[in-house]
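The values are calculated or read from the model by the stated rules, or taken from the named source; none is laboratory data. Quick caveat: nothing in here was measured; it's all calculated off a predicted structure. When we count neighbours, we look across all protein chains shown, and the Cβ atoms used for this are built from the backbone with ideal geometry, even at glycine. Each accessible area value is taken on the protein alone, full model and side chains, heavy atoms only, with ligands, DNA and RNA left out. Shrake-Rupley method; radii C 1.70, N 1.55, O 1.52, S 1.80 Å.
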Amino acid sequence: MLINYGCELTISVALPTPTFCLVDVHPDRRSAIVDETALRISQRSAEKISLDAFGNRLTRFIAQAGELKISLSGVIEADGLPDARDLDAAAHRVTDLPDDTLIFLNGSRYCETDKLGSVAWNTFGHLKPGASMVQAICDFTNERLVFDYALARATRTAVEAYEERVGVCRDFAHLAITLCRCMNIPARYVNGYLGDIGVPVDPAPMDFNAWFEVFVGGSWHTFDARHNQRRIGRIPIARGRDACDVPMLQTFGPHVLHSLRVLTEEACATSLVAA
């Protein structure tokens, strides 16, 4: 299967402003790209591409005063299968976990493990630790929260989502991640492109998506508390402890977002043409 992906962001800044951009395909999937228009910035800018602390492909540049457009598009190959899933995959004892997974047991900016520990153990403590427990956490999160894009808030934490019972995909991911970590299962945040492939088309404007991965059975497994089903064609952009680590756009000074377009769909459909 071939999938078109792309995005276009328009922002403005009042002064020259250092800017970080995380919208490109994650390095571990770049070998599957069959065609791409690399990230473009409408202003003349000296761009630097590097890997951040979590191994994500980061573009750094100075946004000059005024309006600028950031865009990219491409075609990537996918296997056309739903997310791999093994509900029999067991959790590891904390003492046996690989060193590089340990950071994903800790609390983080949006994932307050210290405040949700009792909720997690009271709700899931009777279950066998592993992928089946993670699915129970996804079921709980999906039932607990109501998706409402109009009520999106960039500062909402897992505890606030749990208490307010509302959120967008990042809130679903944060709450599920926090509950997994409370149950001693490493969990990391993922954002990326996810189109309506193999499911009814959502009439709402497309946006970036957030899901999460857990380390069970010796490897990382994909889960999605917001959609709560295996999906086809996920294209990861970045992984981190939570959304704080992987903002699509980070400016070191004020900016105004004027427009955002995201597209992910089977290649037989009309692709996004970056202007």
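Please say if the range 164-265 is rounded, prolate or oblate, where rounded means a/c under 1.5 for a ≥ b ≥ c the square roots of the C-alpha gyration tensor eigenvalues, and otherwise the choice is prolate for a/b larger than b/c and oblate otherwise? Since a/c reaches 1.5 but b/c is at least a/b, the shape of the range 164-265 is classed as oblate. What a 1.4 Å probe finds exposed on the range 116-265 is 53% carbon and sulfur by accessible area, rounded to a whole percent. With all protein chains in place and ligands, DNA and RNA left out, the 1.4 Å accessible area ranks Val262, Val34 as Val34, Val262, largest first. The helix-only estimate of mean residue ellipticity at 222 nm for the chain, built from DSSP H runs of length n ≥ 4 each weighted as -39500 (n - 2.57), is -5500 deg cm²/dmol after division by the residue total. For the chain, the Cβ-based charge dipole about the Cα centre amounts to some 500 debye (Lys, Arg positive; Asp, Glu negative; other atoms uncharged). Among the trypsin sites (Lys or Arg not before Pro) found in the range 93-131, those both in a DSSP coil and sparsely packed, with 10 or fewer other Cβ atoms within 10 Å of their Cβ, are Arg93. Evaluating 6.51 cos²θ - 1.76 cosθ + 1.60 at θ = phi - 60° for every residue in the range 215-228, the Karplus couplings come out as 9, 9, x, x, 7, 8, 10, 8, 9, 9, 6, 6, 7, 6 Hz, glycine and proline recorded as x. A simple spin-label model places pseudo-atoms 7 Å from Cα toward Cβ; at Arg29 and Asp79 they are separated by 1.4 nm. Rounded to the nearest 10 degrees, what's the angle between the helix 113-124 long axis and the longest principal axis of the chain, both from Cα atoms, 0 to 90? Helix 113-124 sits at roughly 50 degrees to that axis. Taken per residue, the accessible surface of the chain reaches 46 Å², heavy atoms only and a 1.4 Å probe. Calculated FRET efficiency, Ile49 to Asp114, Cβ-Cβ distance, R0 = 45 Å: about 0.75 to the nearest 0.05. Antiparallel beta bridges, as assigned by DSSP with both residues in the chain, represent about 95 percent of the total such bridges.
Once you sort the root eigenvalues of the Cα gyration tensor of the range 1-157 as a ≥ b ≥ c, which label holds: rounded (a/c under 1.5), prolate (a/b larger than b/c) or oblate (the other case)? Verdict is prolate for the range 1-157.
I need the shape label for the chain. Rule: rounded when a/c is under 1.5, else prolate if a/b > b/c, else oblate, with a, b, c from the alpha carbon gyration tensor. Taking the square roots of the gyration eigenvalues as a ≥ b ≥ c, the chain is prolate.
At a threshold of 8 angstrom on Cα-Cα distance, excluding pairs fewer than six apart, so keeping six or more, what relative contact order does the chain reach in percent?
Relative contact order here is 30 percent.
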